[in-house]
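Chemist: Dumping the structure here so I can ask a few things about it.
The values are calculated or read from the model by the stated rules, or taken from the named source; none is laboratory data. Here the structure is a predicted model, which is why all the values come from computation and not from measurement. Because the Cβ atoms are built from the backbone with ideal geometry, glycine has one as well, and the counts that use them run over all protein chains shown.
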Amino acid sequence: MKIILALSLCATLSLTLHAQDAAKAPVALRASVGEVTDNRTTGSFNSECKVELKFTGDAAADASTVRKVTVKKAVDESGRDLIPKESDDSWSSSSSSHKSGALKYELKLRNPSRNATVIKLVEGEVELFNPTPANGGILVIKDILKHPAEPVQNPVLKKYGIELMYLTKESYEAKKKQIEQQQKDAAGGAIGEAFGDLFKGMFGGMMSSESKNNLKLYVKDADKRVIEVEFQDANGKALKRRSSWSSQEMRSQDFDAAPPADTQLLIQLATPEATQSFPFKVENIPLP
């Protein structure tokens, strides 16, 4: 009897210590909800529900940004499916890095039922991005301005099927004429195959203006692995940017001064080693 009692006490103590250790163990990722915006309407125009997801924990603290969120299930209290029908259950919305505070992601869902007061469940997977030179998430292209209208030759970009080219108005027009001549001569060529769409006129309007303080970059990236690009001086200091815009594969940045001739390009690249996925679940989200 005493032996059985002793074993029982030992088992109870072991479970208690295990529970205490589990409580003290660091949590890799926690998900919570910030602002919720719901524009419920009978029409389709401006009809959407936005949920701000917040991620904390060790994994979130180590990450620089959220690459994407894949939603497996999203329902309101009536059971209405809130995943957008045009989605393939994975889509990108807007996210923020730690530079702007907490690691956040704005998720766009379908409108809940008109009488719903809560989103019962949002469950899925979040992919965090933590780039370093060691994991291939940071890539530097030296002297990016020295070969305008020529594809950047880099084995890492080639591995992930990324086509990148620095453009000026002058080099664009010259290359366009070259491609047109190649097509007339039926010569084709690597440039014509890789960047043919760029020189068929669809991007011509974006190249109409020319400024010494402006840099344009063509990035063809089907898997959306290029997270961010930054122009730097030869010492790795970021050039002071005034404004930027992007449209389709074209990216444009304006600076306070003309970029130096030895400008280099830093690319944040979502390699498999630079990303990590975690499951998440948030429940009973109050609707406004």
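Chemist: Just a yes or no: is a residue in the stretch 117-124 within 15 Å of Val219 (Cα to Cα), assigned to a strand (DSSP E or B) and out of contact with any His (no Cβ under 6 Å at 6 or more places or on another chain)?
Modeler: No, the stretch 117-124 contains no residue that is within 15 Å of Val219 (Cα to Cα), assigned to a strand (DSSP E or B) and out of contact with any His (no Cβ under 6 Å at 6 or more places or on another chain).
Chemist: Of all the strands (runs of 3 or more DSSP E) wholly in the stretch 248-288, which have at least 2 residues that are surrounded by fewer than 13 Cβ atoms within 10 Å (Cβ to Cβ) and among the acidic types (Asp, Glu)?
Modeler: Filter on the stretch 248-288 gives an empty set.
Chemist: Would you confirm whether or not the stretch 155-163 contains a residue that is more than 30 Å from Ala59 (Cα to Cα) and at pLDDT 70 or above?
Modeler: There is at least one residue in the stretch 155-163 that is more than 30 Å from Ala59 (Cα to Cα) and at pLDDT 70 or above.
Chemist: Something else now. Of everything in the stretch 135-147, what is touching a residue at least 24 places away in the same chain (Cβ under 8 Å) and assigned to a loop (DSSP other than H, G, I, E, B)? Give them in sequence order.
Modeler: Asn135, Gly136, Gly137, Lys142, Asp143
Chemist: Give me the pairs: first residue in the stretch 37-55 and more than 30 Å from Phe278 (Cα to Cα), second residue of a type in the set (Gly, Ala, Ser) and at pLDDT 65 or above, beta-carbon distance under 7 Å, and six or more apart or on different chains, which are they?
Modeler: Thr41/Ser47
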